Amino acid sequence: MANNENIKDWYISNFKSFEEKLNGQSQSFFHKFRKDALIKFSELEFPTTKNEEWKYTNINP
């Protein structure tokens with residue numbers, strides 16, 4: 001479980017790094033879409049191999 005939280009934190013921190021490099025595009029429709037997706041991602045549990053639809057998906061960064 002801790003490993004999944006570390007991976008989740010990695011994705012969130014990398015998004016923040018990406019956001020800093022947008023060069024004035026942080027108000028675009030696509031960025032708002034990405035940011036909304038990140039908010040939903042942070043609220044959900046990270047999938048594991050016990051979730052059938054994620055069973056064979058490698059989610060490591």
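So the values come out like this:
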{"read-out": "Answer residue from region 31-61, given it is among the aromatic types (Phe, Trp, Tyr) and in contact (Cβ under 8 Å) with a residue 12 or more places away in the chain and is farthest from residue 15 (Cα to Cα) among those", "value": "46"}
{"read-out": "Hey, residue 59 aliphatic (A, V, I, L, M) and in contact with a Leu (Cβ under 8 Å, 6 or more places away or on another chain) or not", "value": "no"}
{"read-out": "Failed item, numbered, when residue 42 is tested on (1) at pLDDT below 75; (2) assigned to a helix (DSSP H, G or I)", "value": "(1)"}
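For (1) in contact with a Phe, Trp or Tyr (Cβ under 6 Å, 6 or more places away or on another chain); (2) in a helix (DSSP H, G or I); (3) surrounded by 12 or more Cβ atoms within 10 Å (Cβ to Cβ), each residue gets a yes or a no:
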residue	(1), (2), (3)
10	no, yes, yes
17	no, yes, no
23	no, no, no
31	no, yes, yes
38	yes, yes, yes
48	no, no, yes
60	no, no, no
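The values are calculated or read from the model by the stated rules, or taken from the named source; none is laboratory data. Remember, predicted model here, so these are calculated numbers, not experimental data. When we count neighbours, we look across all protein chains shown, and the Cβ atoms used for this are built from the backbone with ideal geometry, even at glycine.
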